[in-house]
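Engineer: Take a look at the following structure, please.
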Amino acid sequence: MYVVSAFRRTPVPGWTASCSSHSMHPKYPAHLRSFDYLGLHRYFLTFCVDFRRKAFLDADAITIVSQQILRAAAQNRFAVIAYCFMPDHLHLLVEGEADNSDCRRFIKAAKQYSGFYYSKEYRRTLWQRYGHERVLRNDEATLEVARYILNNPVRAGLVRDVREYPFVGSEKYTIEEILEAVAETKSG
């Protein structure tokens with residue numbers, strides 16, 4: 001099930017980037033009406049930088065943002081299973097750790113905190129208003145999705161091996177643990 005959230009920005013005319021393509025999503029996508037976003041669920045989230053600017057090219061900007069993402073995760077009882085800062089967007093795989101873990105509240109806090117501190121330092125808006133989310137089904141392997149996220153810079157041609165890219169990681173696992181776990185499940 002792929003969920004398009006209410007976190008997507010209104011498209012700019014003529015803009016074709018994936019986070020703001022008008023043909024991809026009409027109007028404002030809504031959250032699933034039959035899903036409450038509470039509890040022990042896993043989410044694959046993508047937050048796009050405003051106007052797809054390349055905001056994540058240096059470690060200082062990423063440090064500011066990641067500290068606030070982790071702050072929001074701790075406050076809302078989410079674990080950050082995997083993250084990848086691409087130059088113009090962020091991928092996260094998060095998992096609720098309590099029955100009252102609220103993904104909508106986490107997303108709001110993560111974007112608000114990180115956007116505030118980024119703006120304070122760089123004097124620019126950080127995030128597009130909306131983003132993308134995918135609720136993982138029970139049968140989807142968490143570490144396979146984590147590996148997909150971590151391999152983003154390889155697929156984009158930024159590095160040849162994920163271990164060479166400094167802006168990927170996990171709050172729970174090392175990169176090696178994720179890559180090995182996926183390799184074991186495929187060979188076993």
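Engineer: Hey, can you tell me all the residues within the stretch 91-121 that are surrounded by fewer than 16 Cβ atoms within 10 Å (Cβ to Cβ), under 14 Å from Arg42 (Cβ atoms) and of a type outside the set (A, V, I, L, M, F, W, C)?
Structural biologist: Glu97 - this is the single residue of the stretch 91-121 that is surrounded by fewer than 16 Cβ atoms within 10 Å (Cβ to Cβ), under 14 Å from Arg42 (Cβ atoms) and of a type outside the set (A, V, I, L, M, F, W, C).
Engineer: Looking only at residues that are part of a loop (DSSP other than H, G, I, E, B) and of a type in the set (S, T, N, Q) in the stretch 122-143, which one is surrounded by the fewest Cβ atoms within 10 Å (Cβ to Cβ)?
Structural biologist: Kept after step one, since they are part of a loop (DSSP other than H, G, I, E, B), are these residues of the stretch 122-143: 123-126, 136-141.
If we keep only those that are of a type in the set (S, T, N, Q) too, we end up with 125, 138.
Working: Thr125: 15, Asn138: 6.
The qualifying residue surrounded by the fewest Cβ atoms within 10 Å (Cβ to Cβ) is Asn138.
Since every read-out is calculated from the coordinates, none of them should be taken as a lab result. Just so it is clear, the model here is predicted, and its values are computed rather than measured. Every residue, glycine among them, receives a Cβ derived from its backbone with ideal geometry; neighbour counts consider all protein chains shown.
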